[in-house]
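Q: Quick one: the structure is below, and I'll ask about it shortly.
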Amino acid sequence: MSEPDRSILPIRRETFAGVANRTLDGSRPDWNLIGHPMPPEGAPNVLLVLIDDAGFGNPSTFGGPIQTPNYTRMAEQGLKYNRFHVTALCSPTRAALLTGRNNHAVGFGSVGEFAGGFPGYSASLPRDCAPLPRILRENGYSTAAFGKWHLTPDGQQGPAGPFDRWPNGWGFDYFYGFLAGDSGQWDPCLIENQKVIGTPEGFYDEEDPYYFPDAMADRTLQWLHGVRAQDADKPFFIYFSTGCSHAPHHVSQAWAEKYKGKFDQGWDKLREETFARQKALGVVPADAELTPRADAFPAWDDVPDKLKSFYARQMEVYAGFSENADHNVGRVIDAIEELDELDDTVIIWIWGDNGASMEGTVTGSFNEMTMQNGIPLTDEMQLQLAERFGGMDKWGAQIMDPHYGAAWAWAGNTPFKWGKQVGSHLGGTRNPMVVRWPERITDTGSLRQQFGHVIDIAPTILDLAGIPQPQTVDGIQQEPMHGTSIASTFADANAHEFRTQQYFETIGNRGMYKDGWWLAMKTERIPWVVTPEALKPYAPGVWDPDAGPAELYYLPDDFTQAHDLAADHPDKVQELKDLFWEEAEKYKVLPLLATLSTFFGILPPMAEKTMFEFRGDVQNVLSGMIPRIYNHSYAISADVVVPEGGAEGVIVAESDHLGGFTLYVENGKLTHTYSMMGVFIFKQVAEEDLPSGEITVRMEFAADEAKPATGGEVTLFIDDRPVGKGRMDHTVPIRFSAYAGMDIGRDNGGVVDLAYEDRKPFAFTGTVKKVVFDIKPHLSDQDELGLHTESQRGQAAHSLSG
Amino acid sequence: MAKEPTDVLIGGYLSTEAAHEDYEAVLNCGAEIMGAVVVSKDMEGNLSVEQTDHMVKEGAEGLAGVGFVVGLFAPPLLAATAIGAVIGAGAGKVLHKKTGSKIEEEAGKTIPIGGAGLIVAYKHDHADTIEPAVARAVKKVVGEADGHHVEALKGALADAQKKMAKQGG
């Protein structure tokens with residue numbers, strides 16, 4: 001077979017070189033026709049690992065307190081990169097990683113769920129930017145992705161697709177994981193390829209419960225073994241993208257207990273300890289200075305003694321969760337080694353996609369969604385809510401969706417300032433990377449200090465595979481990748497700086513790097529505060545981005561951004577400001593703060609659909625796809641058939657006890673339970689039994705006013721006859737859950753009402769023929785517009801925690 | 001000689017553990033109390049009431065009809081989602097054994113699922129010992145009134161109720 005033209009994808013089929021006569025007489029086959037494209041000779045396997053919401057100072061491999069023996073093993077057999085950069089937000093880093101292009105240029109200025117109306121924020125991959133997995137697949141690789149995806153808009157995450165925005169559409173032969181920005185690790189609502197498969201059966205096994213990080217590795221091994229059973233030679237590309245260490249921080253007690261007492265010294269001391277280890281390891285220069293604590297983070301000494309154990313436990317769980325991720329990546333590596341293919345596999349392992357996340361707010365939270373729904377809780381309240389659900393021993397269990405306090409994240413980003421969302425500073429943009437490939441790396445265990453960026457990974461993989469970037473894909477001319485291969489650094493510690501310039505932008509926080517200089521332009525908003533008040537200074541006509549604070553650092557002399565040189569180098573400041581604008585225009589970064597446009601009156605069209613009908617047993621409707629009943633009056637009605645002798649079970653349920661609703665029958669009584677993020681729980685029970693036969697049941701919520709989180713009155717009906725009532729003082733304003741789904745006829749995964757937890761999923765024993773949601777408009781258009789605005793603002797705020 | 005004022009402290013909690021911790025702390029703080037009651041509701045909606053015998057001795061059945069409010073208020077992180085977070089608007093007829101069923105009836109209506117309330121009555125002289133013992137309430141108010149036992153308790157409870165409602169939004 002001749003070497004194909006790989007610049008045009010899909011690779012054209014072989015030209016028939018045989019002879020086809022009218023009969024077989026004299027005909028000669030060309031067996032090349034039934035072949036398939038193969039990668040160039042010697043193309044290696046690739047294992048690309050991405051850890052979520054973690055910082056430079058987390059893994060022990062880079063001096064952190066979290067034991068990462070497998071990461072260290074790979075570093076000792078490969079290279080450590082200590083000047084590698086990401087984008088300070090989740091989906092943007094993933095988009096850049098998988099396309100080799102700057103995130104805004106491919107529509108991911110923000111997270112995947114929320115598509116905006118500007119090119120840099122559409123969350124829709126342009127067809128002239130074919131992603132890496134597609135290129136590899138077309139060139140003959142077997143491709144698979146496991147874990148977190150986060151590149152599919154809300155509203156497109158169901159059986160109607162479109163699937164070009166799902167992992168298969170990006171070029172993965174196989175996908176097992178979740179589409180959202182995060183997931184429960186005990187009770188995920190999973191996707192396999194193009195189907196929502198929901199919460200695994202193992203969730204119901206109390207003795208040996210399902211755990212997603214373990215299952216991710218199991219599935220990877222299964223897939224790999226299957227591929228090898230069929231084809232011993234075909235190279236593979238595995239994208240192993242952990243849900244860890246994003247909230248909810250779910251891990252078994254056994255893993256968390258390994259860190260018992262390890263964080264009692266608090267975050268200030270932890271930073272100092274980490275920094276000392278980083279210097280001892282050489283991943284931070286000996287003359288580097290530890291940056292100071294920003295006022296937004298409390299001093300550990302100021303934490304009341306009675307709450308110190310509450311905070312320390314948060315970090316113990318996070319650490320155990322993270323070490324478990326290392327363990328499961330190690331299992332995948334071991335399996336590759338067992339196949340005797342480890343040395344034929346390029347392993348690229350990035351520990352964190354945006355620095356560690358500060359979105360747990362100062363207090364941390366028993367439920368990550370409290371922040372996103374704007375429910376402010378003090379640390380004492382958080383502790384009490386944790387007690388409500390079993391206490392701090394259960395902080396990593398399915399009963400909670402925990403997130404640690406912001407200062408732990410800051411400590412995880414040691415030695416840098418800030419963290420996730422803050423694209424202007426290294427806390428949000430610099431993460432550890434390890435590369436292993438004995439074929440080219442000989443001085444194993446060494447450090448590489450070239451300035452790199454996540455856009456450089458895809459070009460590197462293509463370079464190592466000997467595959468050119470395609471000029472056209474599906475007949476569409478391709479935009480060249482923006483990244484540069486880092487392969488030259490494998491064999492040469494002194495290889496030239498392959499990247500001398502890079503812009504950074506996340507939610508208005510900007511960085512411009514050039515030739516060692518870094519201009520940092522951070523908005524004054526604290527990352528976990530997304531209020532109209534906090535955003536007022538950034539309104540159109542008010543905000544002059546160039547007039548805000550600008551810090552200048554020279555990184556070759558100042559690894560941590562400890563010394564602001566802006567006052568001494570005004571010309572350099574101006575030069576980098578000008579350069580940022582050039583880059584911003586070139587890569588579709590503009591308009592700045594497009595992600596938050598809803599706070600300034602720039603809104604997507606209002607939804608026109610207000611009636612939603614579910615027939616049959618529709619299950620696992622993803623959380624961003626459910627009817628948006630929030631802040632409105634609404635009715636949920638169901639046509640059911642109740643057999644003689646009665647029925648029980650769930651008619652319809654969304655999410656779980658940490659935010660959701662359920663309409664169900666127990667002891668013959670129609671019951672409605674509504675959880676306002678686990679903080680407030682409301683329950684109404686009918687006063688008469690449900691009759692047998694074909695009946696219609698209904699719950700109606702009459703909102704008090706057109707206001708977010710409005711209270712209101714609930715009435716239960718059987719065949720239009722009121723049979724029960726009650727009040728809900730507060731409702732969920734933005735979103736019940738980041739990951740849990742809605743089900744008809746049962747309550748899959750974690751249940752909404754713990755009263756039937758022992759019977760989960762508590763399937764309805766009659767028949768649910770149809771469930772209809774009727775979202776009733778408020779009286780005036782002005783009210784509707786106001787709520788639409790608030791809703792969009794809330795979603796924008798939610799989007800920042802991707 | 002003027003009678004010593006009576007104080008009634010009301011604490012609101014998001015967990016029953018926290019309420020019981022404070023209840024025990026009050027009982028063990030060394031001060032003399034006229035009575036204490038903790039009312040809580042578990043996650044399945046089951047109500048439990050625990051109270052001291054002191055209440056009976058004080059003969060406070062006259063308090064029937066005076067409610068209390070157990071609440072907490074938290075300013076919104078997103079002004080857009082202004083939540084007047086009142087946890088319960090509890091009413092209790094709290095201070096006599098004979099009214100126990102009424103406590104349950106009233107509190108059952110108003111204590112939120114997973115929440116709890118604590119009420120402590122004491123002579124004002126003991127405030128410096130008792131108030132710090134109530135360390136975990138996410139909301140705490142103290143009402144005060146003069147007069148004889150029942151009258152003072154009623155007044156103090158009403159005062160506390162008013163303060164709680166004012167804070168509770």
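No lab work stands behind these numbers, since they all come straight from the coordinates. Just so we're clear, the structure is a prediction, and the values are computed from it rather than from any experiment. Glycine also receives a Cβ, built like all others from the backbone with ideal geometry; neighbour counts cover every protein chain displayed.
Q: Tell me, what are the semi-axes, in whole angstrom and largest first, of the equivalent ellipsoid of segment A:301-357 as set by the roots of 5 times the Cα gyration tensor eigenvalues?
A: Largest first, segment A:301-357 gives 37, 13, 5 Å.
Q: I need the shape label for segment A:680-762. Rule: rounded when a/c is under 1.5, else prolate if a/b > b/c, else oblate, with a, b, c from the alpha carbon gyration tensor.
A: Oblate is the answer for segment A:680-762, as a/c is 1.5 or above yet b/c matches or exceeds a/b.
Q: Let me ask something else. Can you compute the modelled spin-label distance between A:Thr378 and A:Asp233, with each label point 7 Å from Cα toward Cβ, in nm?
A: Between A:Thr378 and A:Asp233, the simple spin-label model gives 7.0 nm.
Q: What's the exposure ranking of A:Val641, B:Val38, going from fewest to most Cβ atoms within 10 Å?
A: So the residues, fewest neighbours to most, are A:Val641, B:Val38.
Q: In debye, nearest 20, what is the charge dipole magnitude of segment A:45-499 about its Cα centre with +1 on Lys and Arg Cβ and -1 on Asp and Glu Cβ, if you could check?
A: 980 debye
Q: Would you compute the Debye intensity of segment A:411-543 from its alpha-carbon atoms alone, equal scatterers and no solvent, and pass along log10 I(q)/I(0) at q = 0.09, 0.10, 0.14, 0.17 Å⁻¹ to two decimals?
A: -0.39, -0.48, -0.82, -1.03
Q: Test of understanding: ordering A:Glu705, B:Glu17, B:Glu44, A:Glu608 by Cβ neighbours within 10 Å, fewest first, what list do you get?
A: Listed from fewest to most nearby Cβ atoms, that is A:Glu608, A:Glu705, B:Glu44, B:Glu17.
Q: Roughly how far apart, in whole Å, are the Cα centres of segment A:19-72 and segment A:461-526?
A: When both Cα centres are located, 22 Å separates them.
Q: To continue, here is another question. Just flag the GluC sites (Glu not before Pro) in segment A:633-676 sitting in loop per DSSP whose Cβ has no more than 16 other Cβ atoms within 10 Å.
A: Those satisfying the criteria are A:Glu644.
Q: Below 8 Å between Cα atoms, with a sequence gap of 6+, how large is the relative contact order for chain A in percent?
A: It rounds to 17 percent for chain A.
Q: Based only on Cα atoms, what Rg/Rh ratio does segment A:332-455 have, Rh being taken as Kirkwood's radius?
A: 1.12
Q: What number do you get for segment A:45-499 when its Cα radius of gyration is normalised by 2.2 N^0.38 Å, N = residues?
A: 0.92
Q: Cut-off is 10 Å between beta-carbons; in what order do A:Thr710, A:Thr715, B:Thr6 appear when sorted fewest neighbours first?
A: By the 10 Å Cβ count, ascending, the order reads A:Thr715, A:Thr710, B:Thr6.
Q: So, counting K/R as plus one and D/E as minus one, what does the shell of residues with Cβ under 9 Å around A:Ala493 add up to?
A: Overall, the nearby charge balance is -1.
Q: I need the shape label for segment A:197-276. Rule: rounded when a/c is under 1.5, else prolate if a/b > b/c, else oblate, with a, b, c from the alpha carbon gyration tensor.
A: Here segment A:197-276 falls in the oblate category.
Q: Could you compute Rg(Cα) / (2.2 N^0.38 Å) for the protein assembly as shown, with N its residue count?
A: Scaled against compact globular proteins, the figure is 1.01.
Q: Also, quick follow-up: Please state the shape class of segment A:505-575: rounded when a/c is under 1.5, otherwise prolate if a/b exceeds b/c and oblate if not, all from the C-alpha gyration tensor.
A: prolate
Q: By the scheme Lys and Arg +1, Asp and Glu -1, what is the net charge of all other residues having a beta-carbon under 15 Å from that of A:Ser365?
A: Neighbour charge sum, excluding A:Ser365 itself: -4.
Q: Counting C-alpha atoms alone, how compact is segment A:517-662: give Rg to one decimal and Dmax as a whole number, in angstrom.
A: Here Rg and the maximum Cα pair distance are 25.6, 85 Å.
Q: Only helical DSSP H runs with n ≥ 4 go in: add -39500 (n - 2.57) per run for chain A, normalise by residue count and round the 222 nm mean residue ellipticity to 500 deg cm²/dmol.
A: My calculation for chain A gives -6500 deg cm²/dmol from helical runs alone.
Q: So who's got an amide H within less than 5 Å of the one on A:Val46, skipping anything under 5 residues away but keeping other chains? H placed 1.01 Å off N, in plane.
A: Answer set, sorted by chain and number: A:Phe236, A:Phe237, A:Ile238, A:Val346.
Q: Moving on. Give me D for segment A:611-799 in µm² s⁻¹, whole number, from Stokes-Einstein with Rh from the Kirkwood sum over alpha-carbon pairs, 37 °C and 0.692 mPa s.
A: Translational D for this selection: 200 µm²/s.
Q: Work out which helices of chain A, taken as complete DSSP H runs, extend at least 20 Å along their axis over the Cα atoms and score a mean Kyte-Doolittle of -1.0 or more, then list them.
A: A:212-230, A:305-338
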